[in-house]
Amino acid sequence: MVPPMIDQNDQKASDSKGTEGDDTYSFGFEDVTGQEKTKRVRSVFSSVASSYDVMNDAMSLGVHRLWKSAMMDWLSPRPGMQVLDVAGGTGDIATRILQRANRDLKPDQAPAHVTVCDINEAMVSEGRDRALNNGRMDGVNWVVGNAEALPAQSAAYDAYTIAFGIRNVTHIDQALCEAYRVLKPGGRFMCLEFSMPEAELLQKPYDFYSFKIIPLLGGAIAGDRESYQYLVESIRQFPKPDAFSDMIKAAGLSRVEHRTMSAGLVTLHSARRI
């Protein structure tokens, strides 16, 4: 049974929660109000939606596939799981979850189900259209919603996943509290996010690639250099792995762990609602 979602009319009313009277928040290296950050992030992903996965391949030289496979290994999806994939508009993570969970499905087992929730309607449309074109509509549904006020019932999901999305959320602490709320007791939180190289020797080459090459790729492939300039700046503004682990704990989640990959370029975070 698929967990019911909150009525979208209620969600529209809650989308502005926490954005009025804000302090400033980082949009890359620029400080803006919370409301302005949410607006700009929506604009970024509307601009790059159609080329988002192609750019992931180009920027990471395809290595993002290995990072996501590692995420699946640690998550270990299984038949019957109800998963909420947040900021998952293109459906890449949802597809991986369903393939892994249902690959050895037995006749007496219920398949896994994933609800993809993304604040950006263009990303959701891109993912839904792609799934339809590839005949992969079974086991997944698509919802436009804000990570800070999820249109989902409490204690409804076995797992909450988010890949390369949490750093774009305006109020990260609020999103983490929402992750706790929608998870069942014992449910799993899993986040894949960029971090910074651990070795000082890698800092300059990484900065050069980030600030010089990635925006050029964004301009050539996505026709949008500025959005990818923001995306590389946002990595520098995101908390370091230990600090983010503390934020996860503060939201009430337990058994908080993280693993770095590719010399610290990305970090996998895991926790549970106990």
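Structure notes:
- Annotation note: of R136, R40, R100, R96, the sole residue that is crowded, with 17+ Cβ neighbours inside 10 Å, of a type in the set (K, R) and farther than 29 Å from S262 by Cα is R40.
- Taken over the range 118-161, the criterion of being assigned to a strand (DSSP E or B) and over 17 Å from L75 (Cβ atoms) is satisfied by D118, N141, W142, V143, V144, N146, A149, A152.
- Screening D85 on (1) in a strand (DSSP E or B); (2) surrounded by fewer than 18 Cβ atoms within 10 Å (Cβ to Cβ) shows it passes everything except condition (2).
Table: residues versus (1) under 28 Å from V32 (Cβ atoms); (2) among the acidic types (D, E); (3) exposed (fewer than 15 other Cβ atoms within 10 Å of the Cβ); (4) modelled with pLDDT of 95 or more.
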residue: A149; (1), (2), (3), (4): yes, no, no, yes
residue: D158; (1), (2), (3), (4): no, yes, no, yes
residue: Q174; (1), (2), (3), (4): yes, no, no, yes
residue: R181; (1), (2), (3), (4): yes, no, no, yes
residue: P185; (1), (2), (3), (4): no, no, yes, yes
residue: M190; (1), (2), (3), (4): no, no, no, yes
residue: P205; (1), (2), (3), (4): no, no, yes, yes
residue: G218; (1), (2), (3), (4): yes, no, no, no
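- In the range 108-130, the residue that is surrounded by the fewest Cβ atoms within 10 Å (Cβ to Cβ) out of those that are under 18 Å from A87 (Cβ atoms) and of a type in the set (S, T, N, Q) is S125.
- Selection of the range 222-248 for residues being touching a residue at least 24 places away in the same chain (Cβ under 8 Å), of a type outside the set (A, V, I, L, M, F, W, C), closer than 24 Å to Y52 by Cβ and assigned to a helix (DSSP H, G or I) yields S227, Y228, Q229, Y230, E233, S234, R236, Q237.
- The criterion of being out of contact with any Lys or Arg (no Cβ under 7 Å at 6 or more places or on another chain) and closer than 15 Å to C117 by Cα does not hold for Q203.
- Here A251 qualifies as more than 16 Å from the chain's Cα centre (by Cα), over 27 Å from V54 (Cα atoms) and surrounded by fewer than 22 Cβ atoms within 10 Å (Cβ to Cβ).
- Verdict on S69 being at pLDDT 95 or above and surrounded by fewer than 22 Cβ atoms within 10 Å (Cβ to Cβ): yes
- Residue within the range 41-49 that is within 24 Å of L150 (Cα to Cα), hydrophobic (A, V, I, L, M, F, W, C) and at pLDDT 95 or above present: no
- Within the range 39-62, the presence of a residue that is in a loop (DSSP other than H, G, I, E, B), free of Cβ contacts under 8 Å to residues at least 12 places away in the same chain and closer than 24 Å to A175 by Cα is excluded.
- Some residue of the range 199-213 being in a loop (DSSP other than H, G, I, E, B), in contact (Cβ under 8 Å) with a residue 40 or more places away in the chain and within 22 Å of R259 (Cα to Cα): yes
- Where a residue in the range 100-117 is within 22 Å of A152 (Cβ to Cβ) and modelled with pLDDT of 95 or more and its partner, wherever it lies, is surrounded by 13 or more Cβ atoms within 10 Å (Cβ to Cβ) and among the polar types (S, T, N, Q), with Cβ under 7 Å and at least six apart: P111/N102; A112/N102; H113/Q82; T115/N141
The values are calculated or read from the model by the stated rules, or taken from the named source; none is laboratory data. Keep in mind the model is a prediction, meaning the values are calculated, not measured. In this analysis, Cβ positions are derived from the backbone assuming ideal geometry, glycine residues included, and neighbour counts consider all displayed protein chains.
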